[in-house]
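Report on the following structure.
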Amino acid sequence: MAPPELRNRPCGGRYGDIIQAIGHTPLVELKRLSPKPGVRIWAKLESHNPTGSIKDRVARALIEDAEVRGAIAPGQTILEPTSGNTGISLAMICRHKGYPLKVVMPDNVTPERTQLLQMYGAEIVYSPGNQGSNGAVAMALEMASSDASYYMPYQYGNAANPNAHYNGTALEILEELQEISAFVAGLGTGGTLMGNGRRLKEEFGDAIKIVAAEPMQGEPVQGLRSLDDGFIPPIIDLDLLDRKIFVTNNDAIVWTRKLLDEEGIFAGVSSGAIASIAVRIANELDEGNVVFIVCDDGWKYLSSGIYTRPVEEIENLDSTVWW
């Protein structure tokens, strides 16, 4: 298989404001993680977005879609459930555009997420941490139903979420690679898998496998969700997925460190979970390109200690110590 052409682009372009600078993220080959000479693993580094996560794409799409439809008025308060990244992205965009933002977030997230939301001026309502993101969703839906003054984009059920990837992330990947054997992303809201999966299937058909990294039931992998926990986001079409592969919180932590120690990728914990599945898929191939999403950077997780402790200390620990 001929190697894909490398296109080094040291300058990200010129944009009129910070919102226009969302996207255009690098696709980086991870040679040290590849199990075979004919198999190439590529990481789409969404940490290069302005607030450090893939959710910048989604937040922009949610707000711009609402503006086009006339669903929000100037100065109207936006309400949204989040485990952190979507809220931070919305906070940046809403501050820039002049919309007050209120987020509902589990009370056991790392303190960095709270600080970033406060930095951008968002109001935070905490939901019980032991209920995870499902508890935040339930609380936000109740708040929205009892107060019509809120506009809730509701990333879990809004087509603008997957469309941000269908019209953005996937096209950037296709600009760089002529052939892709597998695309791997985490199962969270479903937007990344659905939007990229739909576009890549249109391009490659059955030659590409769309693979979801899904936490085992009860495993608190930040940013990801187990469908067995009882909530399936409305935007998810399970028929689009070729495989769902379970991952544990320990897998996520260990592979987050592997990304850092072996490839220099400073990523969030969900990206470690996704990387572990991407390498597993790569081991099953004789040749081809495997693309996976690095959802965010590690700055929001520094207080967990996973980047600085010896590897043997972070293996096989109770996951509750991290969150």
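Only one of (1) over 18 Å from A43 (Cα atoms); (2) out of contact with any helix residue (DSSP H, G or I) (no Cβ under 6 Å at 6 or more places or on another chain); (3) assigned to a loop (DSSP other than H, G, I, E, B) is not met by Q217, so which one is it?
(2)
Output yes when any residue across the range 294-312 is on the phi > 0 side of the Ramachandran plot and free of Cβ contacts under 8 Å to residues at least 60 places away in the same chain, and no when none is.
At the first step, the residues of the range 294-312 found to be on the phi > 0 side of the Ramachandran plot are 305.
Still in the list and also free of Cβ contacts under 8 Å to residues at least 60 places away in the same chain: 305.
There is at least one residue in the range 294-312 that is on the phi > 0 side of the Ramachandran plot and free of Cβ contacts under 8 Å to residues at least 60 places away in the same chain.
Being assigned to a helix (DSSP H, G or I), in contact with a strand residue (DSSP E or B) (Cβ under 6 Å, 6 or more places away or on another chain) and closer than 23 Å to G52 by Cα is true for just one of I253, I277. Which residue is that? Talk me through it step by step, then tell me what you get.
On the way: I253 fails: in contact with a strand residue (DSSP E or B) (Cβ under 6 Å, 6 or more places away or on another chain).
One residue alone meets the criteria, I277.
Quick test for you: out of T110, T82, pick the one residue that is assigned by TED's automatic domain parsing to the domain that holds L141 and in contact with a strand residue (DSSP E or B) (Cβ under 7 Å, 6 or more places away or on another chain). Give the steps one after another, and end with the answer.
Working: T110 fails: in contact with a strand residue (DSSP E or B) (Cβ under 7 Å, 6 or more places away or on another chain).
Unique residue meeting the criteria: T82.
Can you tell me which of (1) assigned to a helix (DSSP H, G or I); (2) basic (K, R); (3) closer than 22 Å to I173 by Cα is the one K44 doesn't meet?
With (1) assigned to a helix (DSSP H, G or I); (2) basic (K, R); (3) closer than 22 Å to I173 by Cα applied to K44, the lone miss is (1).
Just one of the numbered conditions (1) over 30 Å from S303 (Cα atoms); (2) surrounded by 19 or more Cβ atoms within 10 Å (Cβ to Cβ) is not true of M139; which one?
Answer for M139: the failing condition is (1).
Taking the condition closer than 30 Å to A282 by Cα and of a type in the set (V, I, T), does I93 pass? Please lay out each step first, then the result.
Values: closer than 30 Å to A282 by Cα: no; of a type in the set (V, I, T): yes.
No.
Being surrounded by fewer than 17 Cβ atoms within 10 Å (Cβ to Cβ) and closer than 16 Å to Y120 by Cβ is true for just one of R95, R32, R69. Which residue is that?
Details: R32 fails: closer than 16 Å to Y120 by Cβ; R69 fails: closer than 16 Å to Y120 by Cβ.
The match here is R95.
The values are calculated or read from the model by the stated rules, or taken from the named source; none is laboratory data. Everything quoted here is computed from the prediction, not taken from an experiment. Virtual Cβ from ideal backbone geometry, glycine too; neighbours counted across all protein chains shown.
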